[in-house]
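Quick notes on the structure that follows.
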Amino acid sequence: MAKTVLACLNVSKRYESRSVLENVCLTLNSGERLALTGPSGSGKTTLLNCLGGIDRPDEGKIMLNGDNLCEMSGDSLAQLRRTRIGNIFQFFHLLPTLSVRENVEFPLQLLGIPRDERRALSSKLLERVAVAHRIDAHPSRLSGGEMQRVAIARALIHKPQLLLADEPTGNLDSQNGANILALLQELTEETGTALLLVTHSEEATKICHRVLRMRDGKLLERPDHGGQPAATPPAALEDRSPAPQGL
Ligand SMILES: Nc1ncnc2c1ncn2[C@@H]1O[C@H](COP(=O)(O)OP(=O)(O)O)[C@@H](O)[C@H]1O
Ligand SMILES: [Mg+2]
C-alpha cells in the first residue's frame, strides 16, 4: 500500500476578514504527482506555502509523514523545511551572488554537510539535470531553462520527501517548459518524491497522476479531466484511502 507523505485536513486561512482557504483536504502519496490548477487569486500559492511550512493556516492539520506542521515551533518548521521539503518557483529565486554550484549546495551548507560531500552531491545532480557545463556561472549568465534546471537541482539536493512547485514552467517557452516537465517526471520517478505542481498548463497536468482544481479557496476534484493522464499512476496508488490513518 502506498505511503501517505502529506495529508492536509480541513485547512482554512483568512487574510483579515477574507477567507482565502476553506476546509481544504488533500492527501499525497510517495511517488505521486498531483497537479493543482485554478484561476489567479484562488489560493494556490497560499495553500502551497501552508503545506511547505512557510505560512500557517488558521485552522486544520497538515501532516507530513506523521508530524503536524501546525503544531510546530518556528525553529522546528525551519528545520523541517531544510530537511524534508523542496521548493521550485516560477521565477527560479536563485541567489544572484552565488555560482550555480554554490546555489545548489546552499541547502546542504545550511545542514552543515562537509564540503567534499556537498561537492560530490552537487556535481552528480548538476550532471543529471544537464547544467554541469555551467557549474561556475552566475545565474545572470544562464538562460531561463538553465536557471530552472539549477533550481530543480537545488530543490532536490537534500532528497526531500515532498517537492512543491509553483508554476515552474510559467516563465519558460514551450520547449523549455516541456523539458522541465520531463525532468520533473523523471527525477520524481527515480527518487519516489511526492510532487505537488501548481500550474496553468495543460501540458503540466499530463505528467501528473491526478488533477485538482481550486476556486475561491476551495478544492474541487476537476470533473473535466476526462482524458487519460500521460503518467501511469504508481500501482499502489490505486489503493488510496480517502482519509489517511495513523498519521
Ligand atoms: N499576504 C497576503 N495578505 C493579504 N491577502 C493575500 C496575501 N497573500 C495572498 N492574498 C490574497 O489571497 C488570495 C489568494 O492568493 P494566492 O494564494 O496568491 O492565489 P493564486 O496563487 O491562486 O493566484 C488572493 O486574493 C490574494 O490577493
Ligand atoms: Mg500563485
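The values are calculated or read from the model by the stated rules, or taken from the named source; none is laboratory data. Remember, it's a predicted structure, so these values are computed and weren't measured experimentally. With ideal geometry, Cβ positions are generated from the backbone for all residues, glycine too; neighbour counts draw on all protein chains shown.
Taking into account only those residues within segment 173-202 that are within 16 Å of ligand 1 (Cβ to nearest atom) and among the hydrophobic types (A, V, I, L, M, F, W, C), which is surrounded by the fewest Cβ atoms within 10 Å (Cβ to Cβ)?
That would be VAL198.
Of all residues in segment 90-116, how many are in a loop (DSSP other than H, G, I, E, B) and under 28 Å from ASP173 (Cβ atoms)?
10
What number of residues within segment 2-19 are surrounded by fewer than 22 Cβ atoms within 10 Å (Cβ to Cβ), at negative phi and of a type outside the set (Gly, Ala, Ser)?
5
Considering only segment 68-83, I want to know if a residue exists there that is modelled with pLDDT of 95 or more, away from ligand 2 (no atom under 16 Å from the Cβ) and within 15 Å of VAL198 (Cβ to Cβ).
No, there is no match, as no residue in segment 68-83 is modelled with pLDDT of 95 or more, away from ligand 2 (no atom under 16 Å from the Cβ) and within 15 Å of VAL198 (Cβ to Cβ).
Considering only residues that are surrounded by fewer than 23 Cβ atoms within 10 Å (Cβ to Cβ) and either within 16 Å of ligand 1 (Cβ to nearest atom) or within 13 Å of GLY217 (Cβ to Cβ) (or both), look in segment 54-81 and name the one that is nearest to the chain's Cα centre (by Cα).
Restricting to residues being surrounded by fewer than 23 Cβ atoms within 10 Å (Cβ to Cβ) and either within 16 Å of ligand 1 (Cβ to nearest atom) or within 13 Å of GLY217 (Cβ to Cβ) (or both), the top hit is ILE54.
Condition test on ASN87, is it crowded, with 16+ Cβ neighbours inside 10 Å and in a helix (DSSP H, G or I)?
no
Table: residues versus (1) in a loop (DSSP other than H, G, I, E, B); (2) more than 24 Å from GLU203 (Cβ to Cβ).
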residue: LEU21; (1), (2): no, yes
residue: CYS25; (1), (2): no, yes
residue: LEU34; (1), (2): no, no
residue: ILE54; (1), (2): yes, yes
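Cβ-Cβ under 7 Å, sequence separation 6+ or interchain: first residue in segment 28-47 and within 13 Å of ligand 1 (Cβ to nearest atom), partner of a type in the set (Asp, Glu) and assigned to a loop (DSSP other than H, G, I, E, B). Which pairs?
If the second residue must be of a type in the set (Asp, Glu) and assigned to a loop (DSSP other than H, G, I, E, B), the pairs left are SER42/ASP216; THR46/ASP55.
Mind listing whichever residues of segment 36-52 are assigned to a strand (DSSP E or B) and crowded, with 24+ Cβ neighbours inside 10 Å?
If the condition is that a residue be assigned to a strand (DSSP E or B) and crowded, with 24+ Cβ neighbours inside 10 Å, then LEU36 is the only one that fits.
Does segment 155-170 hold any residues that are assigned to a loop (DSSP other than H, G, I, E, B), under 24 Å from GLU105 (Cβ atoms) and within 16 Å of ligand 1 (Cβ to nearest atom), and which are they? Spell out how you get there, then give the answer.
Start the filter on segment 155-170 by keeping residues that are assigned to a loop (DSSP other than H, G, I, E, B), which leaves 157-161, 167-170.
Next, only the ones that are under 24 Å from GLU105 (Cβ atoms) stay: 157-161, 168.
Listed by number, the list holds a single entry, PRO168.
Please count how many residues of segment 171-204 are within 13 Å of THR37 (Cα to Cα), within 16 Å of ligand 2 (Cβ to nearest atom) and not in a strand (DSSP E or B).
The qualifying residues number 4.
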